[in-house]
Structure formats: structure tokens, C-alpha cells
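Heads up, the thing below is written out as C-alpha cells.
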Amino acid sequence: MSKRKFSGDHTTDKGESFDRKIFPVAHSSRYHGSSPVYKQPIEINSYSIDSDRRVWFDNRELKYYYRATGTDLSAGYDKFIQRDESQLEHLDTLLDALTDARSKHTDPKLTTSQFVTWRGIMTKLLCTPYSRNEPWELRVSRHKDTIFIEEQATADKKEKERQASVRQQLMCYWGYKFETLSTVSKPPKDGVDDQELADRILDGADTNVQYCVAVKTTLGKNSLIMGAEVDCSEGAKCEKNPLSRYVELKTSRLVQNPNQERNFERYKLLKFWAQSFLVGVPKVTVGFRDDDGQIVKVEDFATLNIPRLVRGKSGSWDPSVCLNFANQVLDWIADNVVANDPTLTYSIKWNQPWRELTMEYTGHDHVFLTKRFLDGETSHDLGGPRAGA
């Protein structure tokens, strides 16, 4: 990709010149064609985060799918516990999961890769060719030939969250409430507690609690380890292939006219597919709701079938475009982030006028890899000293 100098060009800490790097983003049609091979992801570790945001390498917070019995997505809003997102958690839990995985697996190839990041970041890359006006910013470091990528909250995102109306906050809660209505604490085959079914109708949601997995896959020549939250498992966890039973839970407005159908297929289904496809989740269960937050119907979508639902339709998206674009961006990052130093960072931005990705060297600012990760240690607690401290 091209590069050009500008007044802010500077040298790295080693005295080397680093020009701002540019990745031109072409029209989506430029990324058509056969896509790079994407290998079936495999789970290399899983972990739980409890209501106190403490990390445990077990299944205590894994939930199990049980079809929603309630319909009111606003119920329990007064009991909603929302995670404090002003406390930056970086890649901390994923790094700990990777360290823990290395203590469990004898094959080092299973726990090493060219990239380590969150599933949400890869989702942004896959969707960018079709989501041109959604800004994002990433922070990147390289250590022992592995590139680590985290998201940096943009000023635009912070402002939108600050100005969110009461109605917008309630609608955000609806998605979490659907998860509460659709899950139970143990596999249904072991028996479902009637009290738990009654409680989930009135209970709120606690976004501090999460169950997460770390998976490994390959896109083209780029190997990836991604962390992702898992909503639930359909039945007991399958130890041989746990990904095969996971379910992604989503809510969406009930589709009632052609315009709503186009928006659902072009934007919602794209993100539903990308999120689940990336980590090998085979099913997306959608609760369709009305404007009052009442579930009208629940529908299942097989992840691999979703692209067929939009194929050939005007203005639709193509998975090969998404994969080709993401693969080229990863190649570009690998070519330009070359300093093996966990205390050095780079910034990658996508913003107006939506023509290019830009990469800048940010030196020792925003160091995010933890010291304990470099030392091969883990912790139940988030935070702690960063690399170089």
C-alpha cells in the first residue's frame, strides 16, 4: 500500500523514520472475487468473569439456551447493572486466557499466532466495506512477532454514549434482557428450576458477568487468536468441539415493510453473520420486538446460511468482499508494524472522509500489554502494571 509524508512525520525511539502509513479504502466492488481461506476456528481456552469482574478459568458463568418464556424486554430495567466501561480493560482477560492456555496445551503452535485481538475488532474490519460511516480507532503493539490489537474508544463514540437519551438506554437494555429471558444456569436436560424461569422474567441484567472463549483460526496467511463473549450453549458444553453448540442471541425490530427488510438484511444480518462466523458459532437466535419492547417472534438463523439470504439482492453484501478486505488490512498492518517492542504502540484510524485507513507511530503512549503477560503470569483481577513499568 502507498505511504506519504506529512508534517507530523517523526522518528521511532530507535531513530528510524516512520512516515504515516496509508491504506486506501476502495469501493466494495474492488474486493470482489475468490476470498482467502478461512479455517474453521478451534477453541483453545474459555473463562468466566463474575459480577465483581474477577476472572476464573472455568465454566461457572456459562449459560444454556432455553427459549424465552417472557416477552417484556423492559421488565427489570430498574435492576439493570451495567459494567463501568470507563475502567479500561484493554486485552487483559484475553492475555490471561492465552497464558493459561499455554500452561494447558503441549503444542506451542496452538497458542501462538501472528495476531491476537478481540472478535469485535475483526467484525469491524469485515464490515467496513459496507459500513463506511462508522468510525473506529485501534491501538497496536508487536511482541515476539505477534501483533496485538485493541480498540481505542473514539471521541465520537464517547460523545454518543454521553448524550444517549433515556429511550436509547432502555433500547440498549432490551438486548441484554433478551439474553436473560433466553438462558438458564444449567443444561435443560438436567432439569429447569421453575423459580429460575419465573425470576428471569422479572430480573434485570448484569453486564459485568460474561463467559468468554479464545479461539484460533487463519485468514489467508494470517493466523489469529481472538477473544469473544459467548451468550450461551445449546445443551451441555461439548468438550470435543464446544464451538458447535454455542448460540449468539440478538434482538431486532420486527420487519414490517420492504424498507425495514432491506435495512435488516444489509446491516443487521451482515453484523450477525460476521460476529458468529469469525469464531465458529453456528446459530444466531433473534428476538424480533415491537417499538414497545415486546418480543413478537423468535427466529433462528444458521450462520453459514445467512449470506444466501441476501445473495443477488440490490445493495446486498458479499462475504468474499468482507474477507478480502480484512485480509488485506491484516497484511498491511503486518508489513508496517515491525518493531518487536511491547512498550511501543501504533494508532490506526478509520474516520471521515472515509477514504483511507491511517497508521501513526505513537511511541510509549497508550501501552496496553500487561507486565504479567510478558512474565507468563495470570491474575483473577483486571488491571495491573503495563509492559515497561
Which numbered condition trips up residue 106, out of (1) over 27 Å from residue 326 (Cβ atoms); (2) touching a residue at least 12 places away in the same chain (Cβ under 8 Å)?
-> (2)
Among the residues listed as 72, 78, the single one being modelled with pLDDT of 95 or more and exposed (fewer than 12 other Cβ atoms within 10 Å of the Cβ) | 78
Are any residues in region 335-358 of a type in the set (A, V, I, L, M) and out of contact with any Phe, Trp or Tyr (no Cβ under 6 Å at 6 or more places or on another chain), and if so, which ones?
-> 338, 339, 344, 348
Answer yes or no: is there a residue in region 4-20 that is surrounded by fewer than 17 Cβ atoms within 10 Å (Cβ to Cβ), at pLDDT 95 or above and not in a strand (DSSP E or B).
-> no
Please go through region 129-156 and pick out each residue that is of a type in the set (D, E, K, R) and over 29 Å from residue 114 (Cα atoms).
-> 156
Verdict on residue 332 being assigned to a helix (DSSP H, G or I) and out of contact with any helix residue (DSSP H, G or I) (no Cβ under 9 Å at 6 or more places or on another chain) | yes
Find the residue count for region 337-353, including only residues that are over 13 Å from residue 114 (Cβ atoms) and surrounded by fewer than 22 Cβ atoms within 10 Å (Cβ to Cβ).
-> 8
Starting from region 303-318, take each residue that is closer than 19 Å to residue 36 by Cα and list its partners that are small (Gly, Ala, Ser) and not in a loop (DSSP other than H, G, I, E, B), counting only C-beta distances under 7 angstrom and pairs at least six apart or across chains.
-> 303/276
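Yes/no matrix, rows are residues, columns are (1) crowded, with 17+ Cβ neighbours inside 10 Å; (2) in contact with a Pro (Cβ under 7 Å, 6 or more places away or on another chain):
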| site | (1), (2) |
| --- | --- |
| 227 | yes, no |
| 236 | no, yes |
| 241 | no, no |
| 245 | yes, no |
| 250 | yes, no |
| 261 | no, no |
Consider only pairs whose beta carbons are under 7 Å apart and that are at least six residues apart or on different chains; among these, list those whose first residue lies in region 79-91 and is touching a residue at least 24 places away in the same chain (Cβ under 8 Å) and within 20 Å of residue 151 (Cα to Cα) and whose second residue is of a type in the set (Phe, Trp, Tyr) and surrounded by 14 or more Cβ atoms within 10 Å (Cβ to Cβ).
-> 90/368; 91/148; 91/368
Looking at this structure, is residue 256 among the polar types (S, T, N, Q) and surrounded by fewer than 16 Cβ atoms within 10 Å (Cβ to Cβ)?
-> yes
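The values are calculated or read from the model by the stated rules, or taken from the named source; none is laboratory data. Just so we're clear, the structure is a prediction, and the values are computed from it rather than from any experiment. We place every Cβ from the backbone using ideal geometry, glycine too, and count neighbours over all the protein chains shown.
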